[in-house]
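K.L.:
Can you keep this structure in mind? I'll have questions shortly.
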Amino acid sequence: MSNRNEAPGRNSRCRAKKDGGKLAPKFAELNDDVLFGEVWSREAELSARDRSMVTIAALFSAGLYPQLKSHLALGKEHGITKEEAVEIVTQLAFYCGWPKAWSAFPLIEEVYGEEPDNEKTGA
């Protein structure tokens, strides 16, 4: 899991300034300071692991696969197992669309690789 002294979405914070900082510096600042600096750090209200599950579900349902892949990796850091990621997608396939699941499964494979399904990751 993430180091308790770091914001849970630290890697995404760094990427935002690199990826969008020149074109939309204020947006990158809001991403880093508000979304990942304030919202993701509110672990008393919702754990980073649970926030990752909610975010994975939202990105999957919207079909935002590049962001989904990033948040699958973050979810892995927060302790979501490969088996749980597959189950999230399987559950949502019935509500959001079967083809979306087929598009998401390769991303899970890329992020988790050949790890055993029942092992916790990112410890």
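The values are calculated or read from the model by the stated rules, or taken from the named source; none is laboratory data. These numbers were taken from a predicted model, which means no experiment stands behind them. Every residue, glycine as well, gets a Cβ built from its backbone with ideal geometry; the counts of neighbours run over all protein chains shown.
K.L.:
Looking at Ala24, Ala16, Ala101, Ala28, which is the one that is at pLDDT 95 or above and of a type outside the set (D, E, K, R)?
P.N.:
Ala101
K.L.:
Please enumerate the residues belonging to segment 82-108 that are touching a Phe, Trp or Tyr at 6+ places or on another chain (Cβ under 9 Å) and within 25 Å of Leu35 (Cβ to Cβ).
P.N.:
Ala85, Ile88, Val89, Leu92, Cys96, Lys100, Ser103, Ala104, Leu107
K.L.:
Would you point out the residue of segment 88-117, among those that are touching a helix residue (DSSP H, G or I) at 6+ places or on another chain (Cβ under 8 Å) and either among the small types (Gly, Ala, Ser) or not assigned by TED's automatic domain parsing to the domain that holds Lys69 (or both), that is nearest to His78 (Cα to Cα)?
P.N.:
Ala104
K.L.:
Right, here's the next one. Can you pull out every residue in segment 31-81 that is modelled with pLDDT under 95 and of a type in the set (Asp, Glu)?
P.N.:
Of everything in segment 31-81, those that are modelled with pLDDT under 95 and of a type in the set (Asp, Glu) turn out to be Asp32, Asp33, Glu38, Glu43.
K.L.:
Also, I was wondering about something else. Taking into account only those residues within segment 42-84 that are among the polar types (S, T, N, Q) and in contact with an Asp or Glu (Cβ under 9 Å, 6 or more places away or on another chain), which is surrounded by the fewest Cβ atoms within 10 Å (Cβ to Cβ)?
P.N.:
Thr81
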